[in-house]
Amino acid sequence: MLQLPDTPQSESHGHSRKPVAAAAAPDTWHETLKQLAWLAGAAVLFIDDLNRKVAQWLVDHPGFVEGIERFFKALPRKAWEHAAMQGWYIANVAPFESWAWAVEGGHALDNRMIKYLDDAGDELAARALALYPERAAILCVAFDLHRAENYIASIPLLLTQVDGICAQHLNKSYFFAKTKRFQTSVKDLIEQSGDDLTGAFLSAFLLNTPLLATIDEAAKAGKTRGPNRHGILHGSVEHLDYGSKVNGYKAFSLLCFVAFCFDLPSVKSLSGETLASD
């Protein structure tokens, strides 16, 4: 049978040996704490000096700060415009943070917007109806068709009402007409509002988005960026496949976007000066 070696026995001389490490520990920790305190103090002095230098540099280079401010002011606008070029009009429809969704773009943007509009669609539709009760008969049918997933029928109705709402406010200038008068009316609103956020919203009216492209332009682009109004309403054989779910939601977002833009306080305040009723 395997025998384990004998365990050495502690020597006994009337007293036990003192552990060396235990005896040295208090002095070691004291020195360590002193070093840590010195490092902390040096770090505070370094950071304080760095802060002073950075602050002075910013004073000496005011253009840098102004550039950063312009960048962050322009970021949501550029993101919303990017979304509009993909057929989504989200600036005053989805939450403010939706500009980050626009940066994602593609299918991620599609999925986020569809999810959001599923959750908030009834509230958005009710707001549009309250703003345009004279259009309620048509809008109610369009919204019901959208809820029923009959996008082939809902999309044309929504697009015609977008044109009508714009004409109602912009001296009979239609959203999809791309006329000089329409462009001028929108630019005048942006300039006279004097409001950066209004300008960010209304700038989408001036973009040559897939919705506004000619039939041939939209067909060549593969129609992947959204429905094309001219191809749909003119019954182009190249656009008979417009009735997809994502196109239905994009048309709904456009209707809400246009309706809500003309409800902006900065735009409403100009109603007696630059806007004309049908």
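Taking the stretch 136-199 and the helices (runs of 4 or more DSSP H) fully enclosed by it, the elements with 1 or more residues that are over 21 Å from Lys250 (Cβ atoms), under 26 Å from the mean Cα position of the chain (by Cα) and not hydroxyl-bearing (Ser, Thr, Tyr) are at 180-193.
Mind listing just one residue for me: the one in the stretch 181-196 that is touching a residue at least 24 places away in the same chain (Cβ under 8 Å) and surrounded by fewer than 20 Cβ atoms within 10 Å (Cβ to Cβ) and, of those, nearest to Ile90 (Cα to Cα)? Before the answer, list the steps.
Step one: list which residues in the stretch 181-196 are touching a residue at least 24 places away in the same chain (Cβ under 8 Å), which gives 185, 188-189, 192-196.
From the residues that got through so far, the ones that are surrounded by fewer than 20 Cβ atoms within 10 Å (Cβ to Cβ) too are 188, 192, 194-196.
Values: Asp188: 22, Gln192: 23, Gly194: 22, Asp195: 19, Asp196: 17 Å.
That would be Asp196.
Just wondering, is there one or more residues in the stretch 19-26 that are of a type outside the set (Lys, Arg), more than 30 Å from Ala213 (Cβ to Cβ), surrounded by 10 or more Cβ atoms within 10 Å (Cβ to Cβ) and modelled with pLDDT under 75?
The answer is yes; a qualifying residue exists.
Of everything in the stretch 82-104, what is in a loop (DSSP other than H, G, I, E, B) and more than 9 Å from the chain's Cα centre (by Cα)? Give them in sequence order. The answer is Met85, Gln86, Gly87, Trp88, Tyr89, Asn92, Val93. The condition (being within 20 Å of the chain's Cα centre (by Cα), closer than 25 Å to Met113 by Cβ and surrounded by 21 or more Cβ atoms within 10 Å (Cβ to Cβ)) is satisfied by just one residue among Gly226, Gly231: Gly226. Filtering Ile190, Ile155 for residues that are modelled with pLDDT of 85 or more and either in contact with a strand residue (DSSP E or B) (Cβ under 7 Å, 6 or more places away or on another chain) or not hydroxyl-bearing (Ser, Thr, Tyr) (or both) leaves a single hit, Ile155.
From the list Arg147, Arg77, Arg112, exactly one residue is of a type in the set (Lys, Arg), modelled with pLDDT of 95 or more and surrounded by fewer than 22 Cβ atoms within 10 Å (Cβ to Cβ). Which is it?
Values: Arg77 fails: modelled with pLDDT of 95 or more; Arg112 fails: modelled with pLDDT of 95 or more.
One residue alone meets the criteria, Arg147.
Taken as a whole, the stretch 105-127 holds at least one residue that is basic (Lys, Arg), part of a helix (DSSP H, G or I), in contact (Cβ under 8 Å) with a residue 60 or more places away in the chain and more than 28 Å from Lys180 (Cβ to Cβ).
Of all residue pairs spaced 6 or more apart or on separate chains, those with beta-carbon atoms under 9 Å, a first member in the stretch 226-244 that is over 14 Å from Gly87 (Cβ atoms) and at pLDDT below 90 and a second member that is of a type in the set (D, E, K, R) and in a loop (DSSP other than H, G, I, E, B) are Glu238/Lys223.
The values are calculated or read from the model by the stated rules, or taken from the named source; none is laboratory data. Just so we're clear, the structure is a prediction, and the values are computed from it rather than from any experiment. Counting neighbours? That spans all protein chains shown, and the Cβs are built from the backbone with ideal geometry, glycine included.
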